[in-house]
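Here's the structure we're looking at; comments come further down.
The values are calculated or read from the model by the stated rules, or taken from the named source; none is laboratory data. What you are looking at is a predicted structure, and each value in this text was computed from that prediction instead of being measured. Cβ coordinates were reconstructed from backbone atoms using ideal geometry, including for glycine residues, and neighbour counts include every protein chain displayed. Areas reflect the complete protein model, heavy atoms only, side chains present, ligands, DNA and RNA absent. Shrake-Rupley method; radii C 1.70, N 1.55, O 1.52, S 1.80 Å.
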Amino acid sequence: MESTDLLFKKAKEAAEKSYSPYSHFRVGAALLCSDGTIYTGTNVENRSFGLTICAERSAIVSAVSAGQKSFKALAVYCPDADYPVSPCGACRQVISEFTTPDFPVHFSGESGERYKVEIGKLFPFDALRELKDQEIR
Ligand code: THU
């Protein structure tokens with residue numbers, strides 16, 4: 001299976017685990033690490049709405065918690081939208097923390113239409129990139 005297809009398959013499976021009783025908007029994300037492993041995440045809502053965690057950040061937190069810091073691609077899938085759902089602003093910031101501007105973000109929805117957009121395009125004019133490049137341990 002082509003790696004993007006596999007990532008979307010995993011993102012789709014992750015969306016089935018969504019905890020989204022308030023929005024009923026299930027989202028799944030699958031993150032391909034440089035060593036070939038894939039970590040997934042789903043959105044986890046909270047009755048204090050602002051504490052909701054998106055699928056993309058769930059996947060990143062899960063991967064980093066397992067010791068991963070180098071990533072090749074991300075796929076996002078939402079079965080509850082008939083259009084491709086791209087990462088929110090907060091997630092774009094977090095994705096950029098662990099990637100370079102050419103990092104590919106794939107996103108899709110129930111329509112099946114797929115987009116592939118580099119994080120540098122989704123999150124341009126990154127004012128803090130210099131800060132990030134200063135020190136990576
Ligand atoms: N959501 C994500 O998980 N990722 C996105 O890219 C868009 C939004 C979630 C947050 C919330 O649980 C629900 O979708 C509606 O905004």
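At a glance:
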{"quantity": "Cα centre as origin, Lys/Arg/Asp/Glu Cβ charges: the chain dipole, Debye", "calculated": "240 debye"}
{"quantity": "Accessible-area order (highest first, 1.4 angstrom probe) of the listed residues Cys54, Cys78", "calculated": "Cys54, Cys78"}
{"quantity": "Amide H within-cut-off set for Ala81, under 5 Å, with H built and near neighbours excluded", "calculated": "Glu110"}
{"quantity": "Using θ = phi - 60° and Karplus 6.51 cos²θ - 1.76 cosθ + 1.60, couplings along the range 118-133 (whole Hz; Gly, Pro as x)", "calculated": "5, 4, x, 7, 6, 9, x, 6, 6, 4, 9, 4, 4, 4, 5, 5"}
{"quantity": "Per-residue SASA entry for Arg26, accessible area with 1.4 Å probe, Å² rounded to 10", "calculated": "80 Å²"}
{"quantity": "Glu2-Asp82 FRET efficiency (beta carbon distance; Förster radius 35 Å; 0.05 resolution)", "calculated": "0.90"}
{"quantity": "Distance violations [Cα-Cα > 18 Å] among Lys10/Lys132; Lys72/Lys116; Lys17/Lys121", "calculated": "Lys10/Lys132; Lys17/Lys121"}
{"quantity": "Potential lengthening between Ser70 and Asp126 on full extension [0.36 nm per residue; Cα-Cα distance subtracted]", "calculated": "18.2 nm"}
{"quantity": "Rounded to whole Hz, the Karplus (6.51, -1.76, 1.60) HN-Hα couplings of the range 19-36, x for glycine and proline", "calculated": "10, 9, x, 8, 8, 6, 10, 7, 9, x, 9, 9, 10, 8, 8, 4, 8, x"}
{"quantity": "With DNA, RNA and ligands ignored, accessible area of Tyr83 (1.4 Å probe; Å², nearest 10)", "calculated": "110 Å²"}
{"quantity": "Relative contact order for the chain, counting Cα pairs under 8 Å that sit 6 or more residues apart, in percent", "calculated": "20 percent"}
{"quantity": "Nearest-10 value in Å² for the accessible area of Thr100, using the 1.4 Å probe", "calculated": "80 Å²"}
{"quantity": "Inter-probe distance in nm under a simple model that places probes 7 Å from Cα toward Cβ, at Lys9 and Glu118", "calculated": "2.9 nm"}
